[in-house]
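Participant: Have a look at this one before I ask anything.
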Amino acid sequence: MNAANVAMFAVVIGSIVVFGTATILALGWAFRNGQFDNFDQGAASIFGPDEPVGEPTDAFPK
Amino acid sequence: MSSVTVIPLHDRERAAAERASIDGSCRGPVLYFTASALFWLLAGSILAIIASAKLHSPYFLTGIPELTFGRVRMAHLQAVSIGWTSMVTMGGSVWMMCRLCRTELIYPKLLYVSATLWNIGTLLSVGGILLGDGQSVEWLDAPPYAPPFFVAGLGIVSAWVAATFRRRREKHVYVTQWYILAALFWFPWLYTVAVFMIFWSPATGVVQPIVNWWFNHNFLGLWLTPVAVGTAYYLIPKIIGRPIHSYYLSITGFWALALFYSWAGMHHLIGGPIPAWLSTASTVGSMMMFIPVIAVGINHHMTMRNHFHRLKYSPALRFTVFGAITYTWVSFQGSIESLKDFSEVAHFTHYTVAHAHLGAYGFVTMIFFGLYYYMIPRLTGREWSSSTLIRIHFWCASVGITIYFVSLSIGGWWQGRMLNNPDVSFGNITRYLLPYLFSRTVAGILLTIGHIAFATSFVMNLAGWGKKRTGGPTFFVEKVA
């Protein structure tokens, strides 16, 4: 196996390990952190007192 | 009609001031990214018209080596993929991340460096290709001196988005943030690995096209798609003032996309000299993509239910919903195209070109137009100055991409049927395609007219020609009766 093939395998295997681990860690963190506990609250998190649920925020200029 | 809770004025003012401060912190860099992106969209549009015209009028602009079809087509692809969509992806990601994290952007001046590096890279890429330095690897046709600028520029943006996330005041991670974080984690890896394995330390033989198409497909799937879908998940609920129909479904859709999209690239090599299991696995991955696409489609539709009349009033919503609907359609089509029987006809024809443009323009670009229409007034503090220009932009873009898609899909399908028939000569197939290729040029001109209207609106807004709102930092609030 030449150097280019070794480098290719290192990249592929390394990527699988790094991304697999990152995915598992991200999912684990999200569960521990309660990100998936309350979906209704999550959906409403983009709204605030200035732009509350029920108020549209865009229109053609008059 | 949704019930509206009465909110104390001081709470409303405090939240509005916080949002205005966050928008203000990223104003400069985001406007730099978006203005640059728009420039590359216009440049890419002109290159596209030249390339398209040459297909039905081969004597158009002959005698100029810089404007031969091969170079112009590659330069167009770089201008719109690296210049336009990628710069909006980065600028929009920074803005949405700051808003969703409820935190100001730190050290914004470094993002100017990032955008400048990206612009230099794109200029070298487009200019180098026109001068004959392009490389014969589709989507990665930038000359060898351009990628270091992209890697450096992208590295800064990814680091800044991660830093913003770490400083967040909002504890909940909204689905849009999942998409943005994933895209800015995946793409630097995707790009660096592809450049490494094709140019810097070239893999041998058939591995090169495998890496090439793994990159090409994932450029859309793991870079543009996550940010565009994430943008729709932010804009649609915000604009109509209604939370996502099913947040559970949105999270399921994200993780399904993360699991299956990266398999799909090999369906571009069906029938090619690659191991059969590889293209079969890719077809399976493409079929599994029905899961996230159906999840997103149901969610967007159900969120918009009973609010479709608002498409009449909101420019940002109109573009975003057009893009969201197209996402469902183009993804279904993509999954079907991965089937080997279907590929026998559609592969290597204009049908694939129509599909690619439906994805990159009808879905991604239309959602990004929606993002501009929502984001820019909040950054500059001014409303759009002309409804007419917005309407011209929308109708040119939507009619243009429809003509493009329909003409090339029909022409491409029959092209594939005829190519599979040994009794039909290649010359006859070429002549048969002429009206469809001419329609493509007409569509390209329509799209470009829309882009000029859009750029005019953008420049007028930056120049301060739009009406300044005096009612506080929240713009375009439609009065609810």
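The values are calculated or read from the model by the stated rules, or taken from the named source; none is laboratory data. If you're wondering where the values come from, they're calculated on a predicted model, not measured in any experiment. Cβ sites come from the backbone with ideal geometry, for glycine too, and all protein chains shown count toward neighbours.
Participant: Exactly one condition in (1) within 13 Å of chain A (Cβ to nearest Cβ); (2) within 22 Å of A:Asp40 (Cβ to Cβ); (3) surrounded by 22 or more Cβ atoms within 10 Å (Cβ to Cβ) is not met by B:Leu257; state its number.
Facilitator: That leaves (2) as the condition not met.
Participant: Let me ask something else. Among the residues of the stretch A:35-58, is any over 26 Å from B:Ser314 (Cα atoms), of a type in the set (Phe, Trp, Tyr), in a loop (DSSP other than H, G, I, E, B) and under 25 Å from the mean Cα position of the chain (by Cα)?
Facilitator: Within the stretch A:35-58, one or more residues are over 26 Å from B:Ser314 (Cα atoms), of a type in the set (Phe, Trp, Tyr), in a loop (DSSP other than H, G, I, E, B) and under 25 Å from the mean Cα position of the chain (by Cα).
Participant: Give B:Ser386, B:Ser409 a once-over and let me know the one that is touching a residue at least 24 places away in the same chain (Cβ under 8 Å), within 14 Å of chain A (Cβ to nearest Cβ), surrounded by fewer than 22 Cβ atoms within 10 Å (Cβ to Cβ) and over 16 Å from the mean Cα position of the chain (by Cα).
Facilitator: Exactly one residue qualifies, and that residue is B:Ser386.
Participant: Take the stretch B:194-249 and flag every residue that is of a type outside the set (A, V, I, L, M, F, W, C), touching a Leu at 6+ places or on another chain (Cβ under 8 Å) and more than 21 Å from B:Pro292 (Cβ to Cβ).
Facilitator: If the condition is that a residue be of a type outside the set (A, V, I, L, M, F, W, C), touching a Leu at 6+ places or on another chain (Cβ under 8 Å) and more than 21 Å from B:Pro292 (Cβ to Cβ), then B:Pro209, B:Asn212 are the ones that fit.
Participant: Can you name every residue in the stretch B:149-180 that is part of a helix (DSSP H, G or I) and free of Cβ contacts under 8 Å to residues at least 24 places away in the same chain?
Facilitator: Matches in the stretch B:149-180: B:Ala159, B:Ala162, B:Arg166.
Participant: Hey, any hits in the stretch B:2-17 for a residue that's under 20 Å from A:Ser45 (Cα atoms), part of a helix (DSSP H, G or I) and polar (S, T, N, Q)?
Facilitator: no
Participant: Here is a follow-up. Determine which member of the set B:Val229, B:Val211 is β-branched (Val, Ile, Thr) and within 13 Å of chain A (Cβ to nearest Cβ).
Facilitator: Matching residue, one of B:Val229, B:Val211: B:Val211.
Participant: If I filter the stretch A:7-41 down to residues being surrounded by 13 or more Cβ atoms within 10 Å (Cβ to Cβ) and of a type in the set (Phe, Trp, Tyr), which single residue comes out as nearest to the other protein chains (Cβ to nearest Cβ)?
Facilitator: For the stretch A:7-41, the residue satisfying everything is A:Phe39.
Participant: Restricting attention to the stretch B:90-113, report how many residues are farther than 23 Å from A:Glu51 by Cβ, at pLDDT 95 or above and either surrounded by 24 or more Cβ atoms within 10 Å (Cβ to Cβ) or touching a Pro at 6+ places or on another chain (Cβ under 7 Å) (or both).
Facilitator: Residues meeting the conditions: 3.
Participant: Please give the helices (runs of 4 or more DSSP H) falling wholly within the stretch B:330-443 in which 3 or more residues are at pLDDT 95 or above and farther than 30 Å from B:Ser25 by Cα.
Facilitator: Result: B:350-357, B:387-419.
Participant: I'm checking my understanding of the structure. Among residues of the stretch B:282-324 that are free of Cβ contacts under 8 Å to residues at least 12 places away in the same chain and closer than 21 Å to B:Phe454 by Cβ, which one is farthest from the other protein chains (Cβ to nearest Cβ)?
Facilitator: B:Leu311
Participant: Looking at A:Ala4, A:Ala44, which one is without any contact (Cβ under 8 Å) to a residue 60 or more places away in the chain and crowded, with 16+ Cβ neighbours inside 10 Å?
Facilitator: Checking each option against the conditions leaves just A:Ala44.
Participant: For the stretch B:23-48, name all the residues that are crowded, with 20+ Cβ neighbours inside 10 Å and among the hydrophobic types (A, V, I, L, M, F, W, C).
Facilitator: B:Cys26, B:Val30, B:Leu31, B:Phe33, B:Ala37, B:Leu38, B:Trp40, B:Leu41, B:Ala43, B:Leu47, B:Ala48
Participant: OK, next. Given the residues B:Gly323, B:Gly265, B:Gly285, which is the only one that is farther than 26 Å from B:Ser246 by Cβ and of a type outside the set (A, V, I, L, M)?
Facilitator: Being farther than 26 Å from B:Ser246 by Cβ and of a type outside the set (A, V, I, L, M) holds for just one of B:Gly323, B:Gly265, B:Gly285, which is B:Gly265.
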